[in-house]
Amino acid sequence: MNDNVALYSKYRPESFKEVVGQSNVVSALQKAVREKNPAHAYIFSGTRGVGKTTLARIFAKELGVSSKDIYELDAASNNSVEDIRDLRESVATLPFEGGYKVYILDEAHMLSKSAFNALLKTLEEPPSYCVFVLATTEPEKLPATIHSRAQVYSLKSPSRADVAKVVKSIAEREGYKFGDGADDLIATIANGSFRDGISILQKVLAGVKSKTVLIDEVESITGAPRGAILNDILSGFVNNSTKQALDAVSTLVESGVDTILATELLLDRARAVLILKHGGSRAEQDLALQFGKDDLVELKTLADIQPSHLTSNAVLELLSARDSMRSVSIKHLPLELAIIRVTAE
């Protein structure tokens, strides 16, 4: 693998059929292309790394717009009224080739108030050959007057399965394959971002020792907690052992991992134990795709222990702990309190 080439750029989708997880938006845009009737303005909203700008570029390409007639403006650093006035002057000229010019404004919510007012004048009476796409992570910061003049599409954050699918596909095209659970762990760490998932993949591929990516290598390279430590915390919950769970949290903290990420992964495993306890064979088959064989055996063992203090209420405590971590200085404190509350019952 060439470390100098960003995999996200190398494998950026180039057509509608390559876009994953946005079928409703893609269908609407395909209809506009098919009928040769695009709106003069669109708002693409969604979390970072979901593919807003990529989709805008594909839309322009499917409309038959040449590279000379696609203009991209990063509104985070070009957000003044002068920048929009320059854009308005460009709008006045006809396309170099084809029938359309497409203007993509990334992070559009960063435009200044005066810049929005200048843009509004263009959106009110745009030339028939101009299409604007405003990409934003914070659509609520766009003025209502801009919203009213655009078709608004909210791009869904990709599911973990979608991110894992893309990560696995790229790894295979680079000549690698995944051991049990390695691709799902990358997808979990990516937290709903294709771009982050692919960036993490690039880091992992640069550090592995062979063409098979193992889950313990992903843990080591990314700083994700080892599954054994998380299983020790779960075992403390199940067996009502405050000491075992708190000792495992201390080991977790000493290893220097991200406590919020660790709690997310702990929640995954707690969910798995409950599903294995109450679900059927189909549930076990689904979990086998997510966890390695050894991990799944351990989780099944925990699910079979009776009585168990790992209940739905315990999972709710973990969810609350995860949400509280962002607002406290001692990140692992909410997790410790959740353990004490559950095991002290």
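Among helices (runs of 4 or more DSSP H) lying entirely in the range 1-78, which contain 3 or more residues that are of a type in the set (Gly, Ala, Ser) and under 26 Å from GLY99 (Cβ atoms)? Before you say what the answer is, go through the steps one by one.
Numbers: elements: 7-10, 23-34, 52-62.
Fully inside the range 1-78 and qualifying: 23-34.
Among the listed residues LEU296, LEU335, identify the single one that is surrounded by 17 or more Cβ atoms within 10 Å (Cβ to Cβ) and touching a residue at least 40 places away in the same chain (Cβ under 8 Å).
None of the other options fit; the residue is LEU335.
Results for (1) charged (D, E, K, R); (2) under 30 Å from SER220 (Cα atoms); (3) more than 29 Å from the chain's Cα centre (by Cα), shown as yes or no for each residue.
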residue: ALA92; (1), (2), (3): no, no, yes
residue: ALA108; (1), (2), (3): no, no, no
residue: SER112; (1), (2), (3): no, no, no
residue: THR137; (1), (2), (3): no, no, no
residue: LYS141; (1), (2), (3): yes, no, no
residue: ARG160; (1), (2), (3): yes, yes, no
residue: ARG173; (1), (2), (3): yes, yes, no
residue: GLY181; (1), (2), (3): no, yes, no
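Of the conditions (1) assigned to a loop (DSSP other than H, G, I, E, B); (2) under 25 Å from the mean Cα position of the chain (by Cα); (3) more than 20 Å from ILE189 (Cβ to Cβ), SER324 clears all except one; give me its number.
(1)
Just checking, how many residues over the range 103-129 are in a strand (DSSP E or B), touching a Ser or Thr at 6+ places or on another chain (Cβ under 8 Å) and of a type in the set (A, V, I, L, M, F, W, C)?
Here the count works out to 1.
Mind listing whichever residues of the range 151-182 are buried (at least 19 other Cβ atoms within 10 Å of the Cβ), in a loop (DSSP other than H, G, I, E, B) and touching a strand residue (DSSP E or B) at 6+ places or on another chain (Cβ under 9 Å)?
LEU155, TYR176
Could you please find all residues in the range 237-293 being of a type in the set (A, V, I, L, M, F, W, C) and either assigned by TED's automatic domain parsing to the domain that holds ILE186 or in a loop (DSSP other than H, G, I, E, B) (or both)?
VAL257, PHE291
How about the range 175-218: which of its residues are closer than 20 Å to LEU265 by Cα and either assigned by TED's automatic domain parsing to the domain that holds THR137 or without any contact (Cβ under 8 Å) to a residue 12 or more places away in the chain (or both)?
Correct list: ASP216 only.
The values are calculated or read from the model by the stated rules, or taken from the named source; none is laboratory data. Note that this is a predicted model, so its numbers are computed, not measured. All Cβ positions, glycine included, derive from the backbone under ideal geometry; neighbour counts span all protein chains shown.
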